[in-house]
Amino acid sequence: MATVHLRIGDLVWGKLGRYPPWPGKVVSPPKDLKKPRGKKCHFVKFFGTEDHAWIKIEQLKPYHPHKEEMIKINKGKRFQQAVDAVEEFLKKAKGKEQGSDGKGDSKGKKSPNKPLKILEEDDEDLSALRDPSEKPVKNDPHFHHFLLSQSEKPASSMEPISKRLKIIEEDTGSTSIQAADSTAINGSITPTDKRIGFLGLGLMGSGIVSNLLKMGHVVTVWNRTAEKCDLFIQEGARLGRTPAEVVSMCDITFSCVSDPKAAKDLVLGPSGVLQGIRPGKCYVEMSTVDPVTIAELSQSITTRGGRFLEAPVAGSQQLSNDGLLVILAAGDRSVYEDCSSCFQAMGKTSFFLGEAGNAAKMMLILNMVQGSFMATIAEGLTLAQATGQSQQTLLDILCQGHMASTFVDQKCQNILQGNFKPDYYLKHIQKDLRLAISMGDMANHPTPMAAAANEVYKRAKALDQSDNDMSAVYRAYIH
């Protein structure tokens, strides 16, 4: 994009990393948010999202001259909603301008023209784009935040976080941290001043790191395949040569790898995490592993004076990219609170579940349910085909009934289109089923449904579907 001269209030198209150009407005950054060093850039609030970012000048274009061009190359629903939000503002702003023209003094003096502003410079909240007297509806992304704003204030012990978050404690002892009503936090996430490390740039880790960077966090990355780090270095991340080096350089280090063996190798292996742990260093294990592995890792970290939190995530690659993961955390409560801005950047909500191991248990239960459900969907589609019924009609009926969900729609569409590009690896959901069954055995609790589903996934793996999406379990029924 060509370099342009912009000022506060200008409407723009901004391009950030791998994302397409998106409509936004140049705004004043929060007072405590420093501008990236050595870069000529503007702070931009993006329409249709709650996202803000420092965007390089060469990645910005004026809104109006390039509107038609951008609309032609971007067709998504969320993109169109963002453009509609801009146009709605322009319409309202024009009405206000005309109304103010008639309020001049008796001599007819007019105030000089000023650059059009979507919101006041110190208010970056998109709630200004809707009627403030109108309550959000259930399918509005702000609805959940509206409900939260009506709840009781959090306990005084949670006051440091409650300025930016709503914290809800239930009788179970679990705690949920969610992004507060955007008007309460001035429409943006204030990133922690702690140095963040991230180990593992797979399907989930890549989206998480992108969102951490986009929200202004200082991130150092490492990946077993070093080439995967290049894109994030271009987006402003720093490079660590080994896990030990990342931990030694950072205050909080996250990891997100494939399975228990990878998680233990990362911590206990040569140049591993444990070698960089010093008193006060925080380590956050985001991998989906079993409770026994979590206990071993927690003991290893805390014995060295480190602080440990497990925080596996529920979601998919797409939800990771969109910053809409659900984080399940357990372990050191103070680390959980220190990670608040990171969890806001990567997810739509997070839960604190108590002592280390509880999050691993809950995550395995969730993935056991999801994996079993996916296998049942595949079984239903193949049974429909075997009995002469239309698979598309089955999908249409499912999507109109009480089982309707984005998950059902997307996975079924992928199956019908033969598109098994991984959003969540089949080999990983099979691993989670295996770990959940083992956990059931240890608790002397039967898991026959999960055991049956696990066998179907094992057959799919034998058919070379491991690196495809979990929906490729469908192929176990047709071969």
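The values are calculated or read from the model by the stated rules, or taken from the named source; none is laboratory data. Quick caveat: nothing in here was measured; it's all calculated off a predicted structure. Cβ placement follows ideal geometry from the backbone for every residue including glycine, while neighbour counts extend to all protein chains displayed. For the accessible areas, the whole protein counts, side chains as well, though only heavy atoms, and no ligand, DNA or RNA atoms are used. Shrake-Rupley method; radii C 1.70, N 1.55, O 1.52, S 1.80 Å.
Key figures for this structure:
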quantity	calculated
Some residue of segment 287-305 being crowded, with 19+ Cβ neighbours inside 10 Å and of a type in the set (Lys, Arg)	no
Subset of segment 457-476 [among the basic types (Lys, Arg) and more than 10 Å from PHE420 (Cβ to Cβ)]	LYS458, ARG459, LYS461
Residue in segment 354-367 that is modelled with pLDDT under 95 and assigned to a helix (DSSP H, G or I) present	no
Residues (in a helix (DSSP H, G or I), open to solvent by 30 Å² or more (accessible area, probe 1.4 Å) and not small (Gly, Ala, Ser)) located in segment 459-476	ARG459, LYS461, ARG475
Selection count where residues are assigned to a loop (DSSP other than H, G, I, E, B) and not charged (D, E, K, R), scope segment 213-258	14
Positions within segment 335-357 being open to solvent by 50 Å² or more (accessible area, probe 1.4 Å) and more than 19 Å from GLY207 (Cα to Cα), in sequence order	GLU337, PHE351, GLU355
Matching residues, segment 60-77, being within 23 Å of ASP322 (Cβ to Cβ), in contact with a strand residue (DSSP E or B) (Cβ under 6 Å, 6 or more places away or on another chain) and part of a helix (DSSP H, G or I)	MET70
Counted residues, segment 395-428 - those being small (Gly, Ala, Ser) and over 24 Å from the mean Cα position of the chain (by Cα)	2
Matching residues, segment 370-393, being under 31 Å from the mean Cα position of the chain (by Cα) and hydrophobic (A, V, I, L, M, F, W, C)	PHE373, MET374, ALA375, ILE377, ALA378, LEU381
Condition check for VAL456: part of a helix (DSSP H, G or I) and in contact with a Leu (Cβ under 6 Å, 6 or more places away or on another chain)	no
Filter result (open to solvent by 70 Å² or more (accessible area, probe 1.4 Å), of a type in the set (Lys, Arg) and more than 26 Å from ALA345 (Cβ to Cβ)) within segment 46-80	LYS72, LYS75
Subset of segment 270-295 [hydroxyl-bearing (Ser, Thr, Tyr), in contact (Cβ under 8 Å) with a residue 40 or more places away in the chain and over 19 Å from ARG307 (Cβ atoms)]	THR288
Exclusive hit being open to solvent by less than 10 Å² (accessible area, probe 1.4 Å) and not aliphatic (A, V, I, L, M), set GLY216, GLY207	GLY207
Long-range neighbours under 6 Å by Cβ, at least six apart or interchain, first residue in a loop (DSSP other than H, G, I, E, B) within segment 23-52, second open to solvent by 40 Å² or more (accessible area, probe 1.4 Å) and of a type in the set (Asp, Glu)	SER28/GLU121
Single residue of segment 416-436 satisfying the filter (over 16 Å from ARG459 (Cβ atoms) and of a type in the set (A, V, I, L, M, F, W, C)) that is most open to solvent (accessible area, probe 1.4 Å)	LEU416
GLY280 open to solvent by 10 Å² or more (accessible area, probe 1.4 Å), under 22 Å from ASP469 (Cβ atoms) and either basic (Lys, Arg) or touching a strand residue (DSSP E or B) at 6+ places or on another chain (Cβ under 8 Å) (or both)	no
